[in-house]
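Written out below as structure tokens is the structure these notes cover.
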Amino acid sequence: MAYETLTLGATETPKTELKTYTVTIPMGSLAIGVDNIHHDVFLSPRFVQGVRDYLFDLIRQSTNATYFSGIELRVAKPADGGGFRKLLTDVMQSSLTQAKFQKNIEIDLVFRVALLKFLVQEVSNQFSNLILEGKEWIRRRGEQFERSQQAHVIKSRLAELQSARRVVVRVVGQQVAQMVIDV
């Protein structure tokens, strides 16, 4: 593999040529799903709940110091990366085993796409659940507390967190993607 060095003068800008491309994932031998459009992928309820719990704890852990310092919404437990990695390994191993047994790599490909789609959706859902938990915590404390200075501070932190949504989702998404890559 050869690498070229690019030297630029002080006023020159690099010219990058961007090209569009499409990726085709062959799905000719898979049965179409119930709606006759999509291929169905089933994720076990144990896996789904484990992922939801892990992502919620991971998002809470990554936002706790910045946005919820001094406020304990509920008993926070550290995100169990080992347990999540084991769940991920088991489900990916199962998919690969099924694809090998049926001698059809398309099964593993469609599973991986579905897994990534599920993880992306769940990161966003669990972020929303964290915001909702903060609002519910304020509501449960009573109407008088809602008008207090502490409630206004918490509401402003929730608003800051909401505005930092993209950053938090990106950071958590990168951590989860790295785990998927490692597995």
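Remarks
- Within the range 111-131, residues that are under 19 Å from Ser94 (Cβ atoms) reach partners that are acidic (Asp, Glu) and not in a helix (DSSP H, G or I) with beta carbons closer than 9 Å, at six or more positions or on different chains, in the pairs Ala114/Asp40.
- Search result, residues across the range 88-110 that are free of Cβ contacts under 8 Å to residues at least 60 places away in the same chain and not in a helix (DSSP H, G or I): Gln102, Lys103
- Filter result for Gln162 (at negative phi and over 18 Å from the mean Cα position of the chain (by Cα)): no
- Residue among Glu160, Glu136, Glu122 that is in a helix (DSSP H, G or I), out of contact with any His (no Cβ under 6 Å at 6 or more places or on another chain), acidic (Asp, Glu) and under 24 Å from Pro45 (Cβ atoms): Glu122
- Criterion violated by Leu130 - all others in (1) of a type in the set (A, V, I, L, M, F, W, C); (2) farther than 16 Å from Phe84 by Cα; (3) surrounded by fewer than 16 Cβ atoms within 10 Å (Cβ to Cβ) satisfied: (3)
Every read-out reported here was derived from the displayed coordinates using simple, explicitly stated rules and does not represent laboratory data. These numbers come from a predicted model, not from an experiment. Because the Cβ atoms are built from the backbone with ideal geometry, glycine has one as well, and the counts that use them run over all protein chains shown.
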